[in-house]
Structures are given as structure tokens and as C-alpha cells.
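Encoded as C-alpha cells, the structure appears first; notes follow it.
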Amino acid sequence: VQLQASGGGLVQAGGSLRLSCAASGIIVSRNAMGWYRQAPGKQRELVADINSNGITKYADSVKGRFTISRDNAKNTVYLEVNSLKPEDTAVYYCNYKDIWNYDYWGQGTQVTVSS
């Protein structure tokens, strides 16, 4: 399993980005996929996930601003991040957990929000 994350960058507060996670070795439409983030000095936290039925969940801190989706044809999961705040600054990771609860992580993509 390989997860290739991209799309991060430096944006001003209020700006938007689209993060992508291209997967190989698994079929994203048949599995639960998630986006996590880790800010300096903080624990990694779940931001959003989408299950095989397309049901999505979000952390309270990002509800209404972030949207997780997937493109089955491209086998890619996306995270649209809007109305960004400085506190959204973190490295964002995509995640797949297999049936044995083993976590696979992408390499992370940095999102930096300036005030």
C-alpha cells in the first residue's frame, strides 16, 4: 500500500487548498480513508474520514470548512480546506487502516496559514 499526498502550501488566512491522496495497492472506494494533521508539539489528530459507503465525519474544529471526497476513477481521496485559519497550520497526512488495524500513512503535506 502506498499513499501519496500532495497539495499543501502557504496561504493567507481565509484561503483555500485542495489536498490529494493518490492510493496504490488498495481501492479507496472499498475502504475507509482518513485525513489527519499534526501541528508542531501536538499529537496527530483526525480531521476527516470517509467510509466505503461514502459517509463522512469531521472534527468539530473543521466542520463547515473542510470537505473530504474521493474520485474512484483516480483512486484518490481529497480534502478541500477552506476558510483557513492560522491554527490549521500542520502537516496533513492521509491514512488507511487495514482489517488488522494496521495504519498506513502518506508522507504528509505541509499546510501553513499566515495571519
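The values are calculated or read from the model by the stated rules, or taken from the named source; none is laboratory data. Since this is a predicted model, take the numbers as computed values, not measurements. No Cβ is skipped: glycine too gets one built from the backbone with ideal geometry, and neighbour counts run over all protein chains shown.
When region 92-107 is filtered for residues that are crowded, with 21+ Cβ neighbours inside 10 Å and not in a strand (DSSP E or B), only GLY106 remains.
Regarding VAL77, is this residue surrounded by 15 or more Cβ atoms within 10 Å (Cβ to Cβ), touching a helix residue (DSSP H, G or I) at 6+ places or on another chain (Cβ under 9 Å) and among the aliphatic types (A, V, I, L, M)? In short, yes. Considering GLY34, GLY7, the condition of being over 27 Å from SER115 (Cβ atoms) and in contact (Cβ under 8 Å) with a residue 60 or more places away in the chain is satisfied by GLY34 alone. Pick from region 60-115 the residues that are of a type in the set (A, V, I, L, M) and touching a Gly at 6+ places or on another chain (Cβ under 6 Å): which of them is farthest from SER20 (Cα to Cα)? Across region 60-115, the extreme among qualifying residues is LEU84. For region 1-53, a residue qualifies if it is over 21 Å from TYR102 (Cα atoms), under 11 Å from the mean Cα position of the chain (by Cα) and of a type in the set (A, V, I, L, M, F, W, C), and exactly one does: LEU19. Each residue in region 78-115 was checked for being in contact with an Asp or Glu (Cβ under 8 Å, 6 or more places away or on another chain) and at pLDDT 95 or above, and 7 pass.
Might you check whether a residue that is assigned to a strand (DSSP E or B) and either of a type in the set (Phe, Trp, Tyr) or exposed (fewer than 15 other Cβ atoms within 10 Å of the Cβ) (or both) occurs anywhere in region 81-89? It would help to see each step written out before you state the result.
As a first pass, look at region 81-89 and keep what is assigned to a strand (DSSP E or B): 81.
When the remaining residues are screened for being either of a type in the set (Phe, Trp, Tyr) or exposed (fewer than 15 other Cβ atoms within 10 Å of the Cβ) (or both), the result is none.
Scanning region 81-89, I find no residue that is assigned to a strand (DSSP E or B) and either of a type in the set (Phe, Trp, Tyr) or exposed (fewer than 15 other Cβ atoms within 10 Å of the Cβ) (or both), so the answer is no.
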